[in-house]
Every structure is written in C-alpha cells, then in structure tokens.
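For reference, the structure discussed in these notes is given below.
Taken together, the values in this text are just the output of simple stated rules run on the coordinates, not laboratory data. Everything numeric in this text was worked out from a predicted model, so none of it was measured. Cβ coordinates were reconstructed from backbone atoms using ideal geometry, including for glycine residues, and neighbour counts include every protein chain displayed.
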Amino acid sequence: MAKLYSKNVLAAPKMLPKKETIKFLLSYSQALSIVKVGKMRFECVAN
C-alpha cells in the first residue's frame with residue numbers, strides 16, 4: 001500500500017475544446033435571453 005501512494009502523479013495533458021464546441025457555446029449564449037420579473041427569472045432560448 002505504501003508504494004501505491006508514493007508514486008509521482010504524471011501531469012495531465014492540456015485539454016483543448018474542439019472548434020465545434022466553442023461555436024455551439026457561442027451560438028447558445030447569443031440565443032439565450034433572461035427576463036427578470038419581480039422575484040422570478042425567465043430563461044428563453046430562441047431557436
């Protein structure tokens with residue numbers, strides 16, 4: 001057990017998002033509108 005916990009952890013490779021993921025998130029954020037009415041909040045996604 002002692003050997004198991006004393007091993008060095010290798011650094012994780014950089015994780016970069018795909019272009020499709022970035023495009024999806026940007027288009028979603030542009031289509032999202034939030035309207036506050038009193039204490040309520042309405043979220044609408046325009047398709």
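Show me the ranking of peptides 16-25, 36-45 by mean Cβ neighbours inside 10 Å, starting with the highest.
Most protected by this proxy first, the peptides run 16-25, 36-45.
Within the set of other residues whose C-beta is less than 12 Å from the C-beta of Leu25, count the net charge using Lys and Arg as +1 and Asp and Glu as -1.
Once positives and negatives cancel, what remains is +2.
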